[in-house]
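Here is the structure we will look at, set down as structure tokens.
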Amino acid sequence: MAEYEGLVESVAVDGKVQVVIRPGKAGIPGAPELTGKVCHGATDGSMVRTEALNRAGAQVGDWVAVTRPTGILIKNAAALLGLPIMGGVAGLAVGMSTGGLGLQGVGLAVCAAAGIAVGIIVGVSIYRNLSSRNVPVVSRVLRSRAEIASVLGQRGASSPQKGEGCDLCNACLR
């Protein structure tokens, strides 16, 4: 299960929170020279905001662990790739059993294309259903707002602004 760390930015009444996540290590693994060219989310100072279910009871300012189930990737791939392939094979089988609709190769291609189209439509509808349930979850509070404030207070950073005693590296929060 993928786990990220982030800071709770806001709490909604529907049991969800807005979490700001900053990557622990900037850069694209294996291709650091591409980082600035293709991926704004992998550069220094980048951050991602996401909505997550608040199962841990986190409050604004808490440092939290956000998890996302890994099995959903396989389900999404099956819906978006597997179903169209299976539809194409099924269409091809129907075309072969009906003699290609009397058109030989063209009839087989039409049946396969129709099967792929049906597979895509069904796959996309299943994907939309799956992705609506794929919401990140705040699994636990790593540090409360009070703990973070005390750490920053000990370091002399009463207002954590970049250049004023804090470079926003998040190292003190781990």
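The values are calculated or read from the model by the stated rules, or taken from the named source; none is laboratory data. Keep in mind that what you see is a predicted model, and the values were worked out from it rather than measured. FYI the Cβ positions are ideal-geometry reconstructions off the backbone, even for glycines, and counts take in every protein chain you see.
General remarks:
- Which listed residue, of 144, 131, is under 26 Å from the mean Cα position of the chain (by Cα) and either in the same structural domain as residue 90 (by TED's automatic domain parsing) or at pLDDT below 85 (or both): 131
- Qualifying residue in region 102-114 (condition: surrounded by 18 or more Cβ atoms within 10 Å (Cβ to Cβ), farther than 28 Å from residue 80 by Cα and modelled with pLDDT under 85): no
- Of all the listed residues (57, 24), the sole one being modelled with pLDDT of 75 or more, under 22 Å from residue 139 (Cα atoms), in a loop (DSSP other than H, G, I, E, B) and not hydrophobic (A, V, I, L, M, F, W, C) is 57.
- Where residue 72 falls short, out of the listed (1) modelled with pLDDT of 85 or more; (2) surrounded by 13 or more Cβ atoms within 10 Å (Cβ to Cβ): (1)
- Which numbered condition residue 94 fails, given (1) in contact with a helix residue (DSSP H, G or I) (Cβ under 9 Å, 6 or more places away or on another chain); (2) closer than 30 Å to residue 53 by Cβ; (3) β-branched (Val, Ile, Thr): (2)
- Restricting 88, 82 to residues that are modelled with pLDDT of 85 or more and crowded, with 17+ Cβ neighbours inside 10 Å narrows the list to 88.
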